[in-house]
Amino acid sequence: MKSSAQYQTGQRLPLEGGHALRLSVNPRARRVSIRIDTRKGEAVAIAPSEKRLADAVAFARSRSDWIAERLAARTEGTALEPGAVIPFCGGTIRLEATGGAGAARLVEDEDGLRIVSGGEGEAFARRVINLLKRVAREALAARTDVHLRALGQRPVTLSINDAGSRWGSCSPHKRSIRYSWRVIMAPPEVLDYLAAHEVAHLVHADHSPAYWSVVKRLVGDHRPLRAWLRDHGAMLHAVGR
């Protein structure tokens, strides 16, 4: 086996079946693990330190069959184009073109709630994503504020991005939280759980029992909400791919 010094975070290695394995160090991880990056179509081996990367590589190679199955089963992308139906706030919403170059907006009438937008091709898709980002920011900012006040925490800097398969991240020392806009497609209670999950890291930076007790204090039984993201996350990350 190679020494851990020969492995570095960000490095990519081949796996059986022609798949790629990306190495990643996460100091908050308690053990080596594997996740599937549905956007890039590769597996990620995660270790708590660079010294443990060799263990993470060995673990990933021992699970090569499982990795191949997960990559083969990943959800195909859903194009953001007129006529498409995408997840939204736990339900679905139809995309419609209006012609011209107007920004995307939510419209509700006798035909239900829709997203209508100007633009064509990539311009149409970009306008839809910009709208979803705005709606996500508004909803996440509101729930973040609720949980901050519940824990007696000061305000944080909030940003919205599209970080691969991650849903959020918190930097307690910078008092900043990042969220994936894609959570606006999940049910509201799942979005609320995500906000609680990240705010709780301001109290405990790890995933210790003490940390999870804070999350439970904020949203109650978080296990079904975590399970929803695990079971449906690939579908949400495939939208617009």
Taking region 192-219 and keeping residues among the small types (Gly, Ala, Ser) and within 20 Å of residue 27 (Cβ to Cβ) leaves 200, 205, 208, 210
From the option list 58, 54, single residue qualifying as more than 30 Å from residue 172 (Cβ to Cβ) and at pLDDT 90 or above is 58
Q. Would region 73-85 turn up any residue that is of a type in the set (Gly, Ala, Ser), open to solvent by 60 Å² or more (accessible area, probe 1.4 Å) and within 20 Å of the chain's Cα centre (by Cα)?
A. yes
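Picking from 69, 16, 50, which residue would you name as being open to solvent by 30 Å² or more (accessible area, probe 1.4 Å) and free of Cβ contacts under 8 Å to residues at least 12 places away in the same chain? Quick ask: steps written out before the conclusion?
Numbers: 16 fails: free of Cβ contacts under 8 Å to residues at least 12 places away in the same chain; 50 fails: free of Cβ contacts under 8 Å to residues at least 12 places away in the same chain.
The conditions single out 69.
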How many residues of region 102-125 are open to solvent by less than 20 Å² (accessible area, probe 1.4 Å) and part of a strand (DSSP E or B)? The answer is 3
Of the residues in region 168-206, those that are of a type in the set (A, V, I, L, M), touching a residue at least 60 places away in the same chain (Cβ under 8 Å), open to solvent by less than 30 Å² (accessible area, probe 1.4 Å) and assigned to a loop (DSSP other than H, G, I, E, B) come to 186
Expected output for region 131-147 (first residue without any contact (Cβ under 8 Å) to a residue 12 or more places away in the chain, partner not in a helix (DSSP H, G or I), Cβ below 8 Å, 6+ apart or cross-chain) is 145/155
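The values are calculated or read from the model by the stated rules, or taken from the named source; none is laboratory data. From a predicted model like this one, the values you see are computed outputs, not experimental measurements. When we count neighbours, we look across all protein chains shown, and the Cβ atoms used for this are built from the backbone with ideal geometry, even at glycine. The protein model used for the area step is the full one, side chains on, heavy atoms only, and it has no ligands, DNA or RNA in it. Shrake-Rupley method; radii C 1.70, N 1.55, O 1.52, S 1.80 Å.
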